[in-house]
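The values are calculated or read from the model by the stated rules, or taken from the named source; none is laboratory data. Quick caveat: nothing in here was measured; it's all calculated off a predicted structure. Note that each Cβ is placed from the backbone with ideal geometry, even for glycine, and that neighbours are counted across all protein chains shown. Each accessible area value is taken on the protein alone, full model and side chains, heavy atoms only, with ligands, DNA and RNA left out. Shrake-Rupley method; radii C 1.70, N 1.55, O 1.52, S 1.80 Å.
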Amino acid sequence: MTRARQLFDRVRARRTQLGLAIRVTVAATAAYAIATALHLLLPLWAVLTSLIVTQMSVGRSLKATRDYMLGTIGGALYGGAIAILIPYSSEAGLLGLLVLSVAPLAFIAAINPSLSAATVTAVIVLLVPTLHHADPLTSAIDRVSEVGVGAVTGLLVSFLVLPSRAVRQIRASAAVLLELIADALAELLAGLTRGRDNDALHRIQDGIGTAMVNLNAIGSEAERERAARLSSGPDTGPLLRTILRLRHDVVMIGRATVVPLPVEVQLRLAAPLSEVSTVIARFLRSAAGALREGAGAPPIHPVHVALQHYAEAVASVRQDGLIRGHASDTAERFFALGFSLEQMHQNLGDLDRVVGEWSEASTDKTARVAE
């Protein structure tokens, strides 16, 4: 039973990826069946298109479908026009048309990558007639038909087969990021007693940066779904901005903790800094759990108390003049740390509010998924 349970837990942890694999399989099979039933010239392109547009979330599928269809139609029109208006009778002429077709579309795709399908489509429209003895207009129509079948099939499968909403994914991604910030904060504040080199600092920050990029991408997909009325829920903007500000706080704290504090200052601040590290990390992890489960925001009062204790300890250090006589960069780091923690305090208050909004929105989550 234990092994079976472990296997079940592993599969459950990857249910989003498993759902994508099932959707891709269904989309490819259905696209081939439909393209064959319609006697399309190259069912391959319908299948490939269905694979391209079937993405991790409905919002991402919408964008992939829009981009691929726009690129396909534009490439078909341009490639067909070139082939019809500029006839050729030799290999050299065909080579010239190929250059004329590819160069401008490749330039456009370099400026706007969402139109990258245009170049491929123009080449297909231009070259397929030489293989199947068809005219360019028929080739363009066939290409658009094949891609249209694949795009519509992939999009319908994304909607109907184990649909995955970006609004739900953003909860999990935001939770992971908050846990990374909690781990980083604890590690950085510990560096006030031992220091840290820049390489170690970058290692701590890199994971947060990668997770932030992923969160922003999912946020865009969630807003695309909301705009298309495919899902509802709170605006993702406040959540993304609050987590971004917390990430900036961690960056500032990291810069302030590269060199350890003077020993006498360490002794005075050790207890309040340990309390700050423990309490804020616990709050961030609890907020992550609340986002995952759609539960209410964790109590933030311990954060207020811990930072108040730290502020009182800092005031005592300054009153006793323990910073005087040290190098100017030591004083700068000391005050920068206090400023960064105060900024984090404000941003944690915003996080408390935002997590509360997302928990309120989760009460009718089942109804919204059904919509």
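Odds and ends about this structure:
- Qualifying residue in the stretch 335-358 (condition: open to solvent by less than 40 Å² (accessible area, probe 1.4 Å), over 32 Å from the mean Cα position of the chain (by Cα), more than 24 Å from residue 176 (Cβ to Cβ) and of a type outside the set (Gly, Ala, Ser)): no
- Residue tally, condition out of contact with any helix residue (DSSP H, G or I) (no Cβ under 9 Å at 6 or more places or on another chain) and on the phi < 0 side of the Ramachandran plot, over the stretch 35-92: 6
- Number of the exception - residue 295 against (1) more than 19 Å from residue 192 (Cα to Cα); (2) in a helix (DSSP H, G or I); (3) touching a helix residue (DSSP H, G or I) at 6+ places or on another chain (Cβ under 8 Å): (2)
- The stretch 247-269 - residue that is in a helix (DSSP H, G or I), in contact (Cβ under 8 Å) with a residue 24 or more places away in the chain and β-branched (Val, Ile, Thr) and, of those, surrounded by the fewest Cβ atoms within 10 Å (Cβ to Cβ): 251
- Complete set of residues in the stretch 195-222 that are over 21 Å from residue 337 (Cα atoms), at pLDDT 85 or above, in contact with a Leu (Cβ under 9 Å, 6 or more places away or on another chain) and open to solvent by less than 30 Å² (accessible area, probe 1.4 Å): 211, 212, 215, 219
- Scanning the stretch 212-236 for residues that are among the charged types (D, E, K, R) and not in a helix (DSSP H, G or I) yields 229, 235.
- If the condition is being closer than 30 Å to residue 169 by Cβ and exposed (fewer than 11 other Cβ atoms within 10 Å of the Cβ), then the stretch 300-329 contributes no residue at all.
- Of 192, 177, 188, all but one fail to be open to solvent by less than 10 Å² (accessible area, probe 1.4 Å) and not in a helix (DSSP H, G or I); the exception is 192.
- Tabulated pairs, the stretch 270-295, first crowded, with 19+ Cβ neighbours inside 10 Å, second of a type in the set (Ser, Thr, Tyr), C-beta under 7 angstrom, 6+ apart or interchain: 272/310; 273/310; 276/310; 290/359
- The listed residue being more than 27 Å from residue 71 (Cβ to Cβ) and either modelled with pLDDT of 90 or more or in contact with a Lys or Arg (Cβ under 6 Å, 6 or more places away or on another chain) (or both), out of 178, 189: 178
- Of everything in the stretch 288-302 that is over 9 Å from residue 182 (Cβ atoms) and among the aliphatic types (A, V, I, L, M), the residue that is farthest from the chain's Cα centre (by Cα) is 300.
- Residue 65 meets the conditions (1) open to solvent by less than 80 Å² (accessible area, probe 1.4 Å); (2) part of a loop (DSSP other than H, G, I, E, B) in every case but one. The failed one is (2).
- Helices (runs of 4 or more DSSP H) enclosed by the stretch 79-165 - at least 1 residues per element that are open to solvent by less than 20 Å² (accessible area, probe 1.4 Å), free of Cβ contacts under 8 Å to residues at least 40 places away in the same chain and among the small types (Gly, Ala, Ser): 91-111
- The residues on offer are 49, 16, 25, 29, and the sole one that is under 25 Å from residue 218 (Cβ atoms), open to solvent by 70 Å² or more (accessible area, probe 1.4 Å) and in a helix (DSSP H, G or I) is 25.
- Among the candidates 244, 239, the residue that is in a helix (DSSP H, G or I), within 25 Å of residue 349 (Cα to Cα) and open to solvent by less than 10 Å² (accessible area, probe 1.4 Å) is uniquely 239.
- Residue count for the stretch 263-287, restricted to those that are under 17 Å from residue 334 (Cα atoms) and either under 23 Å from the mean Cα position of the chain (by Cα) or of a type in the set (Gly, Ala, Ser) (or both): 4.
- Criterion (of a type in the set (A, V, I, L, M), at pLDDT 85 or above and either on the phi > 0 side of the Ramachandran plot or in contact with a Gly (Cβ under 9 Å, 6 or more places away or on another chain) (or both)) met by exactly one of 354, 276, 303: 303
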